[in-house]
């Protein structure tokens, strides 16, 4: 991996410094939260674990993750999951040294999983976690953080949790309450006064100042030894004290860890890895929007995983990319990922130089800081979902996630949220209509231009065909809806066209239903016809190939597949007209008197007109004329078919219509003499009568009545086409 370029060292330094001032107090507080489970003697160890976590994650994740300006440090989700695991281990009677080792292994395993996520390129998938799950989870974490900090704010003894501490006011310590309240008030109100110094720093400084102010009234508060109201001595500023000795002892307890205990780590580690990854990538997405940049999600996961591995190796707590410190970093002028490394190095420098000061940080001040963070994590906007019936179920998902997080575990909350979100998605898919539009064959017509007699047949007999446009997901949840909608047509229609262009997914249940529909149509010698089957669904599946694999498509079966709905409709129309005996002689070229335009005219007059015409053969695929060509000929089709297309680009064109045997085209240039407005291409081998305007004018001078009737005939056919088009548009609008 390439190291970042140092483009703006001044901005990176000041941004990293400001970010450290935000991230470090929170990291200390998270560490204290986790380690205080083991008693007051371990509080200082927790503060140190938070500092080391901020150092290792800040330096390593920024080096290998590569997302510019992102600050990584210990975070609330990590504190919630790890402290919940520690509480459960303590309740089960696991020795403290063994539990501490399990916490280290938990962070290491989560980091390893994050690296694996990145290697397997799962970064994009993790970002697709439903919003309701993320909202409920973060709100649950916020409430857990608040619940875990209230006893520390009140100063109750170890082992008293939220409800028990509230019910025992005699065990409260008013000094801690005052310090915590001052911290909260200043942290909440500081942004209204100044934004130059982070509110967390001002709140913590105010809490420390309040503590020492109370110490002037009670000298016992100024004693470090045995004082449970402060963090206490960290020890070993250079790395040779009790913490690192304890780390060695912790690893020596590895032989006491049972296989069952290691198995207990799997689910919590997976939950922690997923949540840290979501927290990081969510911050990256927001950062991209603010800075108009683009992060590499998989590389960032690898970097975060390596950072958590490094943190665990030196006894720090896990973390992720954090939004608050990142925003401060951006506003401080940072422009690269060096700012994250600077934040980590400054955290270490603070530890080395200010160990004595950190020892005097009040626990209740840290609790107040975390309570504010916890309150801000609660998604109050989700209450808006209660105002609308359409979103109340989404709110219930959020509430279920929160409830599960508070009563069972964060691990179970994630699973419950995802399951409920999937159920809601299926419900919404089922609630929507799989049918976009349904028309009959006498309500809409293909682009094939028919003779008047053919159109009368289609108007009368076209109801033998039903055209159904599908949409959305065709799966087990919507298959019954499709069958109930089509059931009446399956008993009366001979042709069922299913337009598939808007279909997103098809499962085995839906494929089996289509097989049943095919069999029901086949019993009546009918056809199931698919049009515009997507080459690739969003899932990447080739739908036509899938239909073949499940046995729906057979070369000799009653199923047809066409590239467009118009092609399918044209095929159906040909069969309906053929059954009406109008296309029995379709392979024979028409004579002039058989053309509908000249029906009933005198043979001698038609013979004279034919002398003025050219008979022309055009091979399939040949161009008869192109857009912009000069020409005044009227073309009558004796045999074959001609497609009129409008060119859109060198590679694309729009199909305007298909003219078949007995129809005419080119009438616009014949009437007004302007250049051709579209291309005419022979669809199959075609025989034409070609009548130029000059030849017609000469003929009309001698046969005025026929010339007039020809013009009237052209006008009548054009009017008839317009009437059918208008009728079709009215049906489509309804």
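Since every read-out is calculated from the coordinates, none of them should be taken as a lab result. Computed from a predicted structure; not experimentally measured. Here the Cβ positions follow ideal geometry from the backbone for every residue, glycine too, while neighbour counts run over all protein chains shown.
What FRET efficiency would be calculated for the residue pair residue 314, residue 502, taking the C-beta separation as r and a Förster radius of 45 Å, to the nearest 0.05? Before the final figure, lay out the partial values.
Details: r = 56 Å, r/R0 = 1.23.
Taking R0 as 45 Å, the efficiency between residue 314 and residue 502 is 0.20.
How far is helix 96-119 tilted, in degrees, relative to the longest principal axis of the Cα atoms in the chain, given as a value from 0 to 90 rounded to the nearest 10?
Taking Cα atoms only, the helix is inclined about 30 degrees.
Semi-axes of the equivalent ellipsoid of segment 390-446: what are they in whole Å, largest first, if each equals the square root of 5 times a C-alpha gyration tensor eigenvalue? Mind dumping the intermediate values first?
Working: eigenvalues 350, 20, 5 Å².
Equivalent-ellipsoid dimensions as semi-axes: 42, 10, 5 Å.
Rounded to the nearest 0.05, what FRET efficiency is calculated for residue 655 and residue 399 with R0 set to 60 Å and r the Cβ-Cβ distance? Working shown, then result.
Values: r = 53 Å, r/R0 = 0.89.
That pair, residue 655 with residue 399, gives E of 0.65.
Which of 211, 137, 30 comes first, and how do the rest follow, when ranked by fewest Cβ neighbours within 10 Å? List each step's numbers first, then the result.
Numbers: 211 25, 137 28, 30 33.
If I rank by nearby Cβ atoms, fewest first, I get 211, 137, 30.
With a point put 7 Å past each Cα toward its Cβ, work out how far residue 263 is from residue 92 in nm, to one decimal.
Modelled inter-label distance: 1.1 nm.
What is segment 434-579's relative contact order, in percent, from Cα pairs under 8 angstrom and six or more apart in sequence?
RCO, segment 434-579: 26 percent.
Give the share of C-alpha pairs in each 5 angstrom bin for segment 592-733, from 0 to the last occupied bin, in whole percents, shortest bins first.
Values per bin, smallest distances first: 2, 9, 17, 22, 20, 15, 9, 4, 2, 0.
Quick check: pseudo-label points 7 Å beyond the Cα along Cα→Cβ at residue 690 and residue 554, how many nm apart are they?
4.9
I'd like to compare 528-537, 32-41: which one has the highest average count of other Cβ atoms within 10 Å, and what's the full order after that? Write down the numbers at each step before the final one.
Details: 528-537: 18.7, 32-41: 22.7.
Sorting 528-537, 32-41 by mean packing, highest first, produces 32-41, 528-537.
Calculated from DSSP H runs of 4 or more alone, at -39500 (n - 2.57) each and per residue, what is the 222 nm mean residue ellipticity of the chain, nearest 500?
Details: 28 runs with 419 residues, N = 734.
Computed mean residue ellipticity for the chain: -18500 deg cm²/dmol.
Jot down the per residue volume, in cubic angstrom and as a whole number, of the convex hull over the alpha-carbon atoms of segment 276-420.
On the way: hull volume 25.7 nm³, N = 145.
Spelled out: Cα convex hull of segment 276-420, divided by residues, is 177 Å³.
Using a ≥ b ≥ c from the Cα gyration tensor of segment 561-668 (square roots of the eigenvalues), is it rounded, prolate or oblate, where a/c under 1.5 gives rounded and otherwise the larger of a/b and b/c decides, a/b for prolate? Display every interim value, and only then the final one.
Details: a/c = 2.54, a/b = 1.22, b/c = 2.09.
It comes out oblate by the Cα gyration axes.
How would you rank 199-208, 347-356, highest first, on the average number of other Cβ atoms within 10 Å across their residues? Walk me through the numbers before you get to the answer.
On the way: 199-208: 21.9, 347-356: 16.6.
So the peptides 199-208, 347-356, ranked by packing, come out 199-208, 347-356.
Taking the Kirkwood radius as the inverse of the mean 1/r across Cα pairs, report the Rg/Rh of segment 185-227.
Expressed as Rg/Rh, it is 1.14.
With each label point set 7 Å from Cα along the Cα-Cβ vector, what nm distance links residue 579 and residue 294?
5.4
Pairs of Cα atoms under 8 Å, at least six residues apart: use those to get the relative contact order of the chain, whole percent. List each step's numbers first, then the result.
Working: 1367 pairs, mean separation 118.0, N = 734.
Reported relative contact order: 16 percent.
Give the calculated FRET efficiency between residue 705 and residue 447 to the nearest 0.05, with a Förster radius of 30 Å applied to their Cβ-Cβ distance. Please report the intermediate quantities before stating the final value.
Values: r = 34 Å, r/R0 = 1.14.
Rounded to the nearest 0.05, the efficiency is 0.30.
Looking at the P(r) of segment 434-579, how many percent of alpha-carbon pairs lie beyond 27 Å?
On the way: 1853 of 10585 pairs.
Percent of Cα pairs beyond 27 Å in segment 434-579: 18.
What translational diffusion coefficient, to the nearest whole µm²/s, does the chain have by Stokes-Einstein, given a Kirkwood radius computed over alpha-carbon pairs, a temperature of 4 °C and 1.567 mPa s viscosity?
On the way: Rh = 31.8 Å.
Stokes-Einstein gives a translational diffusion coefficient of 41 µm²/s.
Can you order the peptides 588-597, 399-408 by their average number of other Cβ atoms within 10 Å per residue, highest first?
Numbers: 588-597: 16.0, 399-408: 19.0.
The packing order, highest mean first, is 399-408, 588-597.
Can you tell me how much longer the chain between residue 375 and residue 436 gets when fully stretched, taken as 0.36 nm per residue apart minus their C-alpha distance, in nm with one decimal? Mind dumping the intermediate values first?
Details: separation 61, 0.36 × 61 = 21.96 nm, distance 4.55 nm.
The residue 375-residue 436 span can extend by a further 17.4 nm.
Multiply the residue gap between residue 387 and residue 614 by 0.36 nm, knock off their C-alpha separation, and tell me the result in nm, one decimal place. If you can, show how the numbers build up before the last one.
Values: separation 227, 0.36 × 227 = 81.72 nm, distance 7.50 nm.
Net length gain for the segment: 74.2 nm.
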